[in-house]
Amino acid sequence: MSYDLVIRGRRIMTTAGEQPREIGVTGGTIVAIEPLGNGLDGARVLELGDDEVLLPGLVDTHVHVNEPGRTEWEGFASATRAAAAGGVTTVVDMPLNSIPPTVDVGALEVKRKVAADQAFVDVGFWGGAVPGNIGDLRGLHDEGVFGFKCFLLHSGVEEFPPLDADEMERDMAELATFDAVMIVHAEDSRAIEKAPTPHGAEYASFLASRPRGAENLAIAEVIERARWTGARAHVLHVSSSDALPMLASARRDGVRITAETCPHYLTLFAEEIADGATTHKCCPPIREASNRELLWEGLLDGTIDCIVSDHSPSTVELKLLDSGDFNLAWGGVSSLQLGLSLVWSEARRRGIGLQQVVRWMAARPAELVGLTTKGKVALGYDADLAVFAPDAAFVVDPQRLHHKNKVSAYAGRALAGVVRRTILAGRDVDTAPGAVAQGRLLRRGSVERVSGPGPDVPDPAPEEG
Ligand SMILES: [Zn+2]
């Protein structure tokens, strides 16, 4: 028996931790995992170095690609190249900041058409829940979105208005009829209005304008509305650690609620953010160092399920780096390419192993969106893999990132862990200029191949349309 690809290494991150193994891949799927030394036969053989670990490709369920409509902010080609360079093999695109936003089936079709030949990794889509589109939710679900995002305050863009808590509850009740998940940007609109307006370049003033209370209140609403409707809900980008006991308590009660946090809340902290550093502006904001410690605890005790990027870029101009005005600058931290190294660098300082990091960044996000063949190195899983050198180091140079806009909150930061190779469905991802994008567009529950077939794909698939 000969496989399309055999990977041999002393450190293969299996579901039982790092093991010396040989992996056999056929047709883009992991079909053999055997002890190292068995000598599996492959058309292509990859021997890992002793300093390299084979990881499952990461699954990043919180990415703002912004195309079409704000393609100057990012775009499918640049976002998925960055993902691949960072060991991320699946991204799920947020429904807003693109024009149109993904709030009906027509808009989803537009986005799929645009993404089809530009996806260097696999790409799925979230739908949006906005005032007046309750009748569109089922259709979007049937067309394969992974769930629905809503805001409980102004989203930052006019074409994606927020819901109030009662509207969110009505939409949740609708989603419960087909068991779709509502994912929520949880900051309370009234609480933000009552908070002081941020002024100028002072980070402390910005932080005071987005108080924990606003987040706590909104998360409480999400929990109770999920309790009342029986719907599944997911809290996006948890920043306020105050909310963790509520989330844990709700889960003990059987409320179907999950939560995520992001690399910036786990690696940065307010006390070190310089005034005028609008690279660090995001909502909810990066809070104090003590808060960061509690978020790590929340991950370790399972209250927070996963870590995803909330990659939310804009043009460099919109970050207003010259004036450093926190009130007017666009909010969003870009980290799609850096997430694994950021989280790993911080985790290892805390004595947390790579297996745990990968669970938070691959297996758990895959479970959140029901991608049952992604996020693990296991039999029957997609051969979406990353070759990672955990002890190698590098210094972040924004110019070398694939992100379209070369502005980073992490510029100059020394990080541990280098992604040396990314493999999608058994083939190396080539991100060089002119390379053909081999990613697929994902639908909930199935995978649709949209790019030209390689040697390991038996059937040529039709063009996505
Ligand atoms: Zn976001």
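Remarks
- Residue list for the stretch 395-414, filter: surrounded by 14 or more Cβ atoms within 10 Å (Cβ to Cβ) and of a type outside the set (K, R): V396, P398, L401, H402, H403, N405, V407, S408, A409, Y410, A411
- In the stretch 212-237, the residues that are out of contact with any helix residue (DSSP H, G or I) (no Cβ under 7 Å at 6 or more places or on another chain) and under 24 Å from S312 (Cα atoms): R212, A218, V222, L236, H237
- Single unsatisfied condition, E346 versus (1) crowded, with 20+ Cβ neighbours inside 10 Å; (2) in a helix (DSSP H, G or I): (1)
- Residue ID - nearest to the ligand (Cβ to nearest atom), chosen from residues in the stretch 161-195 that are touching a Gly at 6+ places or on another chain (Cβ under 6 Å) and under 15 Å from R225 (Cβ atoms): I183
- Listed here are the strands (runs of 3 or more DSSP E) enclosed by the stretch 38-114 that have at least 2 residues being among the charged types (D, E, K, R): 41-47.
- Matching residues in the stretch 1-36 - criterion: being touching a residue at least 60 places away in the same chain (Cβ under 8 Å) and open to solvent by 60 Å² or more (accessible area, probe 1.4 Å): T15, E18, V31
- Residues that are within 16 Å of the ligand (Cβ to nearest atom), small (G, A, S) and touching a helix residue (DSSP H, G or I) at 6+ places or on another chain (Cβ under 9 Å), drawn from the stretch 296-321: S309
- A Cβ distance below 8 Å, combined with a sequence gap of six or more or placement on separate chains, defines the contacts here; from the stretch 331-351, residues that are more than 22 Å from Q399 (Cα to Cα) reach residues that are modelled with pLDDT of 95 or more and assigned to a loop (DSSP other than H, G, I, E, B) in the pairs A347/G353.
- Single match in D122, D93, D104 (criterion: in contact with a helix residue (DSSP H, G or I) (Cβ under 8 Å, 6 or more places away or on another chain) and either among the hydrophobic types (A, V, I, L, M, F, W, C) or open to solvent by less than 10 Å² (accessible area, probe 1.4 Å) (or both)): D93
- Filtered residue count, the stretch 258-280, keeping only those that are open to solvent by 10 Å² or more (accessible area, probe 1.4 Å), farther than 29 Å from G370 by Cβ, in contact (Cβ under 8 Å) with a residue 40 or more places away in the chain and not in a loop (DSSP other than H, G, I, E, B): 3
- Filtering the stretch 330-346 to residues that are more than 16 Å from the ligand (Cβ to nearest atom), among the aliphatic types (A, V, I, L, M) and touching a helix residue (DSSP H, G or I) at 6+ places or on another chain (Cβ under 6 Å) leaves L342, V343.
- Condition check for E52: open to solvent by less than 40 Å² (accessible area, probe 1.4 Å), among the acidic types (D, E) and without any contact (Cβ under 8 Å) to a residue 24 or more places away in the chain: no
- Flag if A218 is within 16 Å of the ligand (Cβ to nearest atom), under 20 Å from G147 (Cα atoms) and either surrounded by 18 or more Cβ atoms within 10 Å (Cβ to Cβ) or at pLDDT below 95 (or both): yes
- Test: residue in the stretch 373-393 that is within 30 Å of D4 (Cβ to Cβ), open to solvent by 10 Å² or more (accessible area, probe 1.4 Å), within 16 Å of the ligand (Cβ to nearest atom) and not in a loop (DSSP other than H, G, I, E, B): no
- Members of the stretch 165-209 found to be of a type in the set (K, R) and open to solvent by less than 40 Å² (accessible area, probe 1.4 Å), listed by number: none
- Among residues of the stretch 74-87 being out of contact with any helix residue (DSSP H, G or I) (no Cβ under 7 Å at 6 or more places or on another chain) and either of a type in the set (S, T, N, Q) or open to solvent by less than 20 Å² (accessible area, probe 1.4 Å) (or both), the one that is farthest from the ligand (Cβ to nearest atom) is A84.
- Cβ-Cβ under 6 Å pairs, at least 6 apart or on other chains, the stretch 217-228 side acidic (D, E), far side surrounded by fewer than 22 Cβ atoms within 10 Å (Cβ to Cβ): E221/A165
- Yes/no for R420 being of a type in the set (D, E, K, R), open to solvent by 10 Å² or more (accessible area, probe 1.4 Å) and in contact (Cβ under 8 Å) with a residue 40 or more places away in the chain: yes
- Test: residue in the stretch 142-159 that is under 18 Å from S312 (Cα atoms) and free of Cβ contacts under 8 Å to residues at least 12 places away in the same chain: yes
The values are calculated or read from the model by the stated rules, or taken from the named source; none is laboratory data. A quick note: this is a predicted structure, and the numbers were derived from the prediction, not measured. Neighbour counts run over all protein chains shown; Cβ positions are idealised from the backbone, glycine included. Only protein heavy atoms, including side chains, enter the accessible area calculation; ligands, DNA and RNA are left aside. Shrake-Rupley method; radii C 1.70, N 1.55, O 1.52, S 1.80 Å.
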